[in-house]
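Since the structure comes first, as structure tokens, the remarks are kept for the end.
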Amino acid sequence: TGKLFELGYAPLGIPVLSSYFWLTTLGFFVFCFLSSASYIFNDMTDVELDRKHPTKRFRPIAGGLVSLQEARILFVIMAVAGLVGAFLLRPSFFLISLIFFGIHISYTLWLKRYALWDILCIASGWQILRPAVGHKFSKS
């Protein structure tokens with residue numbers, strides 16, 4: 001307990017935040033990249049339906065503010081940055097991140113069409129995989 005903001009001292013005697021703080025911060029950014037990539041992928045996949053929707057038509061891709069080519073490039077950058085970042089942090093974190101990302105891509109392509117799978121996919125991201133990441137980082 002209390003490991004997140006525990007102070008340590010660098011070689012010059014300057015207080016620094018614990019490694020848990022940096023692992024947690026970098027893990028947060030990895031999940032931001034992977035979540036963003038999955039949302040971009042979803043918007044690219046649903047662009048034609050979104051253009052006909054009264055509110056979704058204002059989303060950047062559906063509204064034409066971002067081209068499909070730009071979205072594809074951004075998707076690749078976010079996905080690669082997230083997965084490489086996860087791998088560099090910890091192999092176990094990479095595995096959890098890969099599962100998280102795979103579920104989101106599968107959700108966009110197939111699983112959201114089925115009510116039970118829709119609920120299970122959403123629950124797995126928020127209630128299972130994110131706490132699992134926190135658990136992995138809390139172990140030294």
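The values are calculated or read from the model by the stated rules, or taken from the named source; none is laboratory data. A quick note: this is a predicted structure, and the numbers were derived from the prediction, not measured. Virtual Cβ from ideal backbone geometry, glycine too; neighbours counted across all protein chains shown. Quick note on the areas: whole protein, heavy atoms, side chains included, nothing else; ligands and nucleic acids left out. Shrake-Rupley method; radii C 1.70, N 1.55, O 1.52, S 1.80 Å.
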Within the stretch 39-52, residues in a helix (DSSP H, G or I) and open to solvent by less than 60 Å² (accessible area, probe 1.4 Å) come out as Ile40, Phe41, Asn42, Asp43, Met44, Val47, Asp50
How many residues of the stretch 77-109 are surrounded by fewer than 16 Cβ atoms within 10 Å (Cβ to Cβ), under 16 Å from Asn42 (Cβ atoms) and either in contact (Cβ under 8 Å) with a residue 40 or more places away in the chain or in contact with a helix residue (DSSP H, G or I) (Cβ under 8 Å, 6 or more places away or on another chain) (or both)? The answer is 2
Original post:
Thr55: out of contact with any helix residue (DSSP H, G or I) (no Cβ under 6 Å at 6 or more places or on another chain), open to solvent by 60 Å² or more (accessible area, probe 1.4 Å) and not basic (Lys, Arg), yes or no?
Top reply: yes
- Query: Is it the case that some residue within the stretch 5-17 is open to solvent by less than 50 Å² (accessible area, probe 1.4 Å), modelled with pLDDT under 85 and of a type in the set (Ser, Thr, Tyr)?
  - Reply: no
